[in-house]
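Report on one structure; see the data block that follows.
The values are calculated or read from the model by the stated rules, or taken from the named source; none is laboratory data. Note that the structure is predicted; figures quoted are calculated from it, not measured. Virtual Cβ from ideal backbone geometry, glycine too; neighbours counted across all protein chains shown. Ligands, DNA and RNA are stripped out before the accessible areas are found, and what is left, the full protein with its side chains, is counted by its heavy atoms. Shrake-Rupley method; radii C 1.70, N 1.55, O 1.52, S 1.80 Å.
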Amino acid sequence: MIMVAKKIFDVDSCYTIFSCNHPEVVSRLLELFHSTEGDSNVKMIILKGNGRAFCAGGDVAAVVRKGNWKLGTDVFREEFTLNYVMATYSKPQVCAMPETALGLFPDVGASYFYSRLPGFFGEYAGLTGARLDGAEMLACGLATHFVPSERLLFLEQALAKVNTSDPDVISAIISRFSHIPKLKEGSPYHKMNIINRCFSRRTIEEIISSLENEAINQKDDWISSTIQSLKKASPTSLKISLRSMREGRLQGVGRCLIQDYMMLCHVLRGEFSKDFFEWEPSRLELIRDDDVDCYFSKIDDEDWEDLKLPPRSNLPPYAIAKL
């Protein structure tokens, strides 16, 4: 039996859920991940969106509607716990983030997986909010296979016949339906030399300055658009995102999620910045190192607690990102 995430009802003994980060759906997903992990009849999880893509921003919208920052932290506490359970789930999962522009930062453990992309491509993607296509995700390691949309139904039918949780067997089946797409001529992945030179810099200001120097030496629309993306983004989010990814290179997925949750609580509380609603401070030079440090400190509130992740045995490799 497989678990297919699509809508909230049960069909033919397959657990099915609408894939979205709405709070009620997160609760249902967490419940089903827990209940199926020990079920020997469930061999793998298939997650898919009900439409052309997964939902993005549903959790943000829900928190804004709630208004109370502590109620918002409850929403994200459960969501981050689900992220951790998924990251440490013992059975294979098959499943088909531009948030500095929201005044937030790439969270849900992005500091773990972005920091492990080749060179400094993770810093580029996380800071600019660049949207990667399938070929780019495959090239940088965010995806393991590329399956054309017209073959997804046939893949799902093939996986439904599998009676094993062996990841090598499942990977081999997916490979039968996949191919390696060609990177577009204008793909940022072709710009790795520039990305590594510029996004390896210590600060956001130095990254932008380095890109501007590149723009002087060569006329390149990609460099110009990258500079504009950084200058349009939330200054505070850029600062805390860069530090988060740099620290994530040396942390496990659990520690990255705990840190992301603490940072997110600071953002929701709004004691240092109101970037969730408008850019404040509005310029990079107005943000001190001490301001950034505050997002990585415990919240001074007697009712607030760190994210407490459940004990898990199937931890992902504690790998330090290779440059």
- Quick one: work out Rg over Rh on the C-alpha atoms of region 184-323, Rh as Kirkwood radius. 1.02
- Item | Simple label model, 7 Å out from Cα along Cβ direction - Leu183 to Lys161, nm | 3.6 nm
- Query: What does the charge dipole of region 153-242 about its Cα centre add up to, to the nearest 20 debye, if the Cβ of each Lys and Arg holds +1 and the Cβ of each Asp and Glu holds -1?
  - Reply: 120 debye
- In region 167-323, taking the dipole from +1 charges on Lys and Arg beta carbons and -1 charges on Asp and Glu beta carbons about the Cα centre, the listed residue (Gly270, Ile287, Met192) farthest towards the positive end is Met192
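Within 15 Å, Cβ to Cβ, of Val169, how many net charges do the neighbouring residues add up to if Lys/Arg are +1 and Asp/Glu are -1?
Result for the neighbourhood of Val169: +2.
Using only alpha carbon pairs under 8 Å that are at least six residues apart, calculate the relative contact order of region 202-287 and give it in whole percent. Numbers along the way, then the final one.
Values: 47 pairs, mean separation 26.9, N = 86.
Answer for region 202-287 is 31 percent.
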- Message: What is the percent carbon and sulfur in the accessible area of region 108-186, measuring with a 1.4 Å probe over the protein chains and ignoring ligands?
- Response: 56 percent
- For Ile46, which sequence-distant residues (separation of 5 or more, or a different chain) have an amide H within less than 5 Å of its own amide H, given hydrogens modelled in the peptide plane? Met3, Val4, Ala5, Val94
- Task: Could you work out the local net charge near Ile45, counting Lys and Arg as +1, Asp and Glu as -1, over the other residues with Cβ closer than 11 Å to its Cβ?
- Result: +2
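Counting only other residues whose beta carbon sits under 11 Å from that of Leu242, what net charge do I get with K and R as +1, D and E as -1?
Local charge sum for Leu242: +1.
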- Item | Using a Förster distance of 25 Å, the FRET efficiency for Asp293-Arg131 (Cβ separation, nearest 0.05) | 0.20
